[in-house]
1. Average the reciprocal distances over every distinct pair of alpha-carbons in segment 34-100, invert the result, and give the Kirkwood radius in Å.
2. Take every Cα pair under 8 Å in the chain that's 6+ residues apart, average their separations, divide by the length, and report that relative contact order as a whole percent.
3. In terms of modelled amide H atoms, which long-range or inter-chain residues lie less than 5 Å from the amide H of Val305?
4. In whole Å, largest first, what are the principal axis extents of the Cα atoms in segment 68-173?
5. Out of residues 5 or more away from Ile247 or on other chains, whose amide H comes under 5 Å of its own, with H placed 1.01 Å from N in the peptide plane?
6. Excluding residues on the same chain fewer than 8 positions from Lys284, give the lysines whose Cα lies under 21 Å from its Cα.
7. Rounded to whole Hz and in sequence order, give me ³J(HN,Hα) for segment 92-109 from the Karplus expression 6.51 cos²θ - 1.76 cosθ + 1.60, θ = phi - 60°, writing x for Gly and Pro.
8. What is the Rg over Rh value, at two decimals, for segment 258-337, using alpha-carbon atoms and the Kirkwood definition of Rh?
Amino acid sequence: MTNLDSNSADSVFPSTQNSGGVTRSLCLVVDEMHPSLQEMLQQIDVQMHYRPDLKAAEVSAALAAQPYDGLMVRSKIRVTAELLAHGPKLRYVARAGAGVDNIDEAALAAAGVMLLNAPEGNQDAVGEFAIGLLLSLFRNIVQADSEVRQSVWRREANRGEEIGGKTIGLLGYGHMGRAFARRLAAFDCTVLAYDHDPACTADHHAALVSLAELQQRAEVFSIHIPYSVDNHRFVNDELLRGFRNPIWLLNTARGEVLDHAALVSGLQSGQIRGAGLDVLENEKLTTLTAEQQARFDFLTFAPNVILSPHIGGWTHQSYRRINEVLVWKIAEFLCTGSMQK
C-alpha cells in the first residue's frame, strides 16, 4: 500500500471509477467514524450509508435491505457467518482499526469476502503510547503526581530508572511492535523481538530472537500480538516464570492474551517489577466476575501498576488516518479484486 501523508487534507486515492461513471461499491458503515470518511469514499466512487445509530441486533436487517458489497465496522458487532448470510452481495468487510478479534475470518474466507483492516492507521499512536507507559513506570510519574497533589514531596522514594542500557523484549513484531521499536531507537537500549510468524523479517531497530533467548535477556517485556483462540492467555504463568530477570511488563495489545492471574501472582512475588496496562481481560467493568473483580481490585491499588482505558491507538490523528488507510485498501481491492501485502 502506498504510504499516506497523514497531514494532507486532500489525499489522492487510486481511481475505481469505471468508464460509465457508475458507482462500483455501496458500503454500510455501522460505527462512528471520523467525519472525513464520506469525502474520502466519494473520491473512490463508493457510496456510503452511514448508520452508527443502528443497534447491534439491527445490523442484520439493515444489511439485507440493500445490495451492499461493503461493510465497515469498529467493535459494535461480531461479523459471523450468520451475519454474512444477510449480505449475499458482500465483497469486503473493513475493520476500522488493527484488531480483528470480532471478525470470524474463517467465515469470511468461506463466503469469499475480503477482510480489510488498518493497523497502519494507529501504529504510530500505539508506539508513542508504549513509550509513555514505559517512561511513566520507570520514573514513577503517576505516583509522584498523586503525591505532590497531596502536598507530599518525596524525591528519593521516586528515584527512577532510565531506558538507556536496558534490554527491551517485544512479543510480536508486526506493525505495533515495529512502531515501538522505532521509537526505542532514540534511547540507546537493546531491542529484541520474537514473532512466531516465519515470514517476519528483521530490521535495524530490533534483533529477531527465539522466545527462550528473549526470556533470558529481557528486562522489559512488551506485548504486541493480536488476540486469537491460539493466543488466549499466551502470556501465562509458565511463560512469565521463564524470564531470568525480574521484568517490567507492558500490554498495549489485547487483554485476553495475558493471564491476569499470572500477572497478579508475578506482581506479588516481585517477578514483575511493574506493569503498564492499556487493555484488560474484561474491559466491561460492570460485568466482572468475582475472580476478575478481585484481580482488578489488586491492580487498581498496586502503586507499580498503571492503567488506561484502551487508548493506546486512539488519537485525533489516528482517528482520521484509519479512514485513509481503509479507503486506500478498499480502492485497491475494487481495482484489482485482491490486496497487496
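The values are calculated or read from the model by the stated rules, or taken from the named source; none is laboratory data. Treat the numbers as computed from the prediction; the structure is a model and nothing was measured. Quick reminder, even Gly has a Cβ in these numbers, built from the backbone with ideal geometry, and neighbours come from all protein chains shown. Note: accessible area is taken over every heavy atom of the protein model, side chains too, but ligands, DNA and RNA are not part of it. Shrake-Rupley method; radii C 1.70, N 1.55, O 1.52, S 1.80 Å.
1. Kirkwood radius, segment 34-100: 12.7 Å.
2. Reported relative contact order: 18 percent.
3. Hits under the 5 Å cutoff: Ala275.
4. 65, 33, 18
5. Here Ile272, Arg273 satisfy the definition.
6. List returned: Lys55, Lys76.
7. Per residue, the Karplus-derived 3J(HN,Hα) values read 8, 10, 10, 9, 7, x, 8, x, 10, 6, 9, 10, 7, 5, 5, 5, 5, 4 Hz.
8. Ratio of gyration radius to Kirkwood radius for segment 258-337: 1.21.
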